[in-house]
């Protein structure tokens, strides 16, 4: 973490981040992802890497999309799960995985950025600046719950960090229909 960095208010962060990403989605038809064509992305589910087979993207978001898909900074900076696309990234994703069916399921996901909360204690949140068009945004990837930093590689950790006020979840107005392919173990 960069201790000298300060953050704007939550509202300002949400407006800036949401505005940048909405603009990227609207203006960048260069890849299948931006065009809303089926494609694969990768994410974390309970600490294991899963594949997200995205069959449809919507902006503005489909109001019925309720399953969260969390966008985090790469846990391993030198090896992001998803390279930059259409001016955003690189990034990792985190999704909930059910215990049954090896974690495979389908749902309508609402995309949420995980950003450090401006009031989080110094050193409690690790983040990376992620490229978003001509700007960069701070995206969290690990938090300290009191016993050392843990990567945000499970939905439970992301949601716990948000409940403690360590991170904010910013709805960027994008939804996706995804098939999550869990691990086979």
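Couple of notes before you dig in:
- The single condition among (1) over 16 Å from residue 41 (Cβ atoms); (2) touching a residue at least 12 places away in the same chain (Cβ under 8 Å); (3) in contact with a helix residue (DSSP H, G or I) (Cβ under 7 Å, 6 or more places away or on another chain); (4) surrounded by fewer than 19 Cβ atoms within 10 Å (Cβ to Cβ) that residue 144 does not satisfy is (3).
- For residue 76: the one exception among (1) touching a residue at least 12 places away in the same chain (Cβ under 8 Å); (2) over 15 Å from residue 54 (Cβ atoms): (1)
- Condition check for residue 60: assigned to a loop (DSSP other than H, G, I, E, B), at pLDDT below 70, touching a helix residue (DSSP H, G or I) at 6+ places or on another chain (Cβ under 9 Å) and over 16 Å from residue 115 (Cβ atoms): no
- Within segment 147-185, the set of residues being free of Cβ contacts under 8 Å to residues at least 12 places away in the same chain and more than 23 Å from residue 76 (Cβ to Cβ) comprises 163 only.
- Options 81, 24; residue that is at pLDDT 95 or above, surrounded by 14 or more Cβ atoms within 10 Å (Cβ to Cβ) and either under 23 Å from residue 154 (Cβ atoms) or in contact with a helix residue (DSSP H, G or I) (Cβ under 9 Å, 6 or more places away or on another chain) (or both): 81
- Residue list for segment 52-73, filter: surrounded by fewer than 18 Cβ atoms within 10 Å (Cβ to Cβ) and either without any contact (Cβ under 8 Å) to a residue 24 or more places away in the chain or under 24 Å from residue 161 (Cβ atoms) (or both): 63, 66, 67
- Any chance residue 92 is in contact (Cβ under 8 Å) with a residue 12 or more places away in the chain and touching a helix residue (DSSP H, G or I) at 6+ places or on another chain (Cβ under 9 Å): no
- Which listed residue is assigned to a strand (DSSP E or B), touching a strand residue (DSSP E or B) at 6+ places or on another chain (Cβ under 8 Å) and over 25 Å from residue 37 (Cβ atoms), from 129, 171, 92: 129
- When residues of segment 132-141 are limited to those that are part of a strand (DSSP E or B) and in contact with a strand residue (DSSP E or B) (Cβ under 8 Å, 6 or more places away or on another chain), the one surrounded by the most Cβ atoms within 10 Å (Cβ to Cβ): 140
- Residue match in segment 149-159 (condition: at pLDDT 95 or above, part of a loop (DSSP other than H, G, I, E, B) and surrounded by fewer than 20 Cβ atoms within 10 Å (Cβ to Cβ)): no
The values are calculated or read from the model by the stated rules, or taken from the named source; none is laboratory data. Quantities reported herein were computed from a predicted structural model and do not represent experimental measurements. With ideal geometry, Cβ positions are generated from the backbone for all residues, glycine too; neighbour counts draw on all protein chains shown.
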